[in-house]
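Derivation of every value follows stated rules applied to the coordinates shown; laboratory data play no part. The shown structure was predicted, so the numbers you read here are calculated from the model rather than taken from an experiment. Every residue, glycine among them, receives a Cβ derived from its backbone with ideal geometry; neighbour counts consider all protein chains shown.
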Amino acid sequence: MKKFYSIALSATLAASLTLPATAGAQSSFSDIGEDFWAGDAISHLEEEGIISGYEDGSFGPNDEVTRGQAALMLSSALNLDTSDRPDPDFSDIEDGTELADAVAAVADEGIIEGYEEEFQPNADLTRAQMAKVLAAAYDLSGDNSADFSDVSEDFWAYDHIDALAANGISSGYEDGSFKPGASTTRAQFATFLWNTTGDAEETPEAPETDEEITTVLEDVMETQQNLESYTFDGNIGINIDVPMGDQELTEEEQQALEESMNMNMEMSGTFQKDPMITEVVIEQNIPQFEETMEQVSLSTNEASYQYINDAAMMGYPEDWQDKYIEMNYEDVLGGQASDIPFDMEQQQEMAQEIYDVFIENFGTEYFELTESHASIPDDVTYDQVLTFELTHEDLSDVMTILEEDVIPELEPILENPGAASALASVTGSSFQALNDEGTMPEGGMNEEDINQILESLNLETFKMHQAINENNQVVYDTGEIEVSYTDEQQGDMSFGVDYGMTSSNFNEDVTFEYGLPENEENIITYDELMNWQEEQMQDFEEIEQGDLETVQ
């Protein structure tokens, strides 16, 4: 359907509709039930401040709209300049009033005409007249397809009524009539206006979609979900730069700070579908201690594990050395967890749902398919490269789509307890994102927060490349992200991450470097971890209190 939503309309509709007794507008109307045929239109226009009800809380859906009210509404809605308009000299319009200015404006624009010397502001606006008003106000045109039993092609308002029908604004009555001479009711007016502005149940223009790229994305996802096993190996680099303010550092301190904010990690791992086991090993060089720290995490259908291979470095008790911290999903999520919190088929279905949401709302505009790319190592054998890239100029549109379309569609998907357990399996022992009920916390950033971030954020680089072989397997995955942020108080800061990951041994027999704990003696339970953390917190509070008493 053609869209006729002017820029001026969005800025002025809040004060646009001056229907009778607008004082004391209600947030809901006593005479509009949930199943009322125009309920959606009335609800939407009320939310945007376009229409109001009566002081008694009713809307009066069957009351008529007058020509004067239509003039006032359209003048405001279209943001018409009402100053210095030619005086139409209507005898029934009092000079110097708001109505006079509005009538002069709509008459000058050719939107609503008068009757010789009169405008007849209190006369009801017929449905034929409303068709003419809307067609003139929003420059609507038809296609001569209107076929109403009571509107012939030689009827004076046929072209206007045809324009409403062609643009999906009005379909007439069930008996095939339009009733052009009948008065326009408030409910009809609300529906006409909502449909005309293009915000009613209009399907947004579909995002740009390249069928070849969509096919590749679908094939790769299907292949990935059906993999029985594979191994991966690569590296991740993280670079952080934050202002130090007025703090002066020695050369050694400055060097130590830079080293701590520039991290390079080697990552390797193994995935097995049945039984489901994922092992991830991360080796990170710690320059300050001249050591390499190794972090090992594993996950299954029921739990995730952190292997303690250096208790001293990790800050854990010595007797935890070479044991596993077990984060059983049932223990962590409690009543929110299902019998099998992490079910592979469930996660695959969820991944497909999320994929569908993103493709539906973003299409393939930010993707590119090429035969090769310089970011892929020469020793990798592949058939094609799928690239995803965002620029700073894309951010505003992307954030708007995310906020208005993607996130609302994802919320019911991610409310599934399995989504939390899936997150848990990736983050190991990090469950800080879960609240006491074991679910994701409500709330988030509002539009003002997002706009403020966008004003201060600069997306310098956002590129991801996937090398895909002839079997639709991702054999190499690489990317680079660089963002900078300007804070009025703290100054400029930046963050960057780059990675490259090779995947191989698809659907072959695999072995695990550490594997799962072999017996209960090697397991530190979730309750034990929580108790230990409480003890550490109590010790810290006692030390802090002792320091305070010493100072006093």
Exercise for the section: Quote to one decimal, in nm, the extra length available between residue 321 and residue 508 on full extension: 0.36 nm per residue of separation minus the C-alpha distance between them. Expected result: 64.1 nm
Exercise for the section: Measure off 7 Å from each Cα along the Cα-to-Cβ vector at residue 224 and residue 405, then give the distance between these two points in nanometres to one decimal. Expected result: 2.1 nm
Fill in the blank from the handout: By the C-alpha gyration tensor axes a ≥ b ≥ c (rounded if a/c is under 1.5, else prolate when a/b exceeds b/c, else oblate), the shape of segment 7-196 is oblate
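What order do you get for 310, 139 when you list them from fewest to most C-beta neighbours inside 10 Å? List each step's numbers first, then the result.
Details: 310 15, 139 10.
Least to most surrounded, the residues fall as 139, 310.
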Fill in the blank from the handout: Between the modelled labels at residue 388 and residue 81 (7 Å from Cα along Cα→Cβ) the distance in nm is 4.8 nm
Handout entry: Least to most buried among 231, 525 (fewest other Cβ within 10 Å first)
Key = 525, 231
Practice task
Have a look at 86, 66, 54 and report the one farthest towards the positive end of the charge dipole of segment 7-196, computed about the Cα centre with Cβ charges (Lys/Arg +1, Asp/Glu -1).
Solution key: 54
Exercise for the section: Would you tally the net charge around residue 465, using a Cβ to Cβ cut-off of less than 11 Å, leaving residue 465 out, and scoring K and R as +1, D and E as -1? Expected result: -3
Handout entry: Separation in nanometres of the label points that stand 7 Å from Cα toward Cβ, at residue 470 and residue 527
Key = 5.7 nm
Fill in the blank from the handout: Put in order of increasing Cβ neighbours within 10 Å, starting from the fewest, 304, 177 give 177, 304
Exercise for the section: Estimate the FRET efficiency between residue 291 and residue 248 by the formula 1/(1 + (r/R0)^6), using the beta-carbon distance for r and 35 Å for R0, to the nearest 0.05. Expected result: 0.80
Exercise for the section: Just subtract the alpha-carbon distance of residue 370 and residue 396 from 0.36 nm times their residue separation and send over the number in nm, one decimal. Expected result: 6.7 nm
Handout entry: Extended-chain gain in nm, criterion 0.36 nm per residue less alpha-carbon gap, residue 481 and residue 536
Key = 16.1 nm
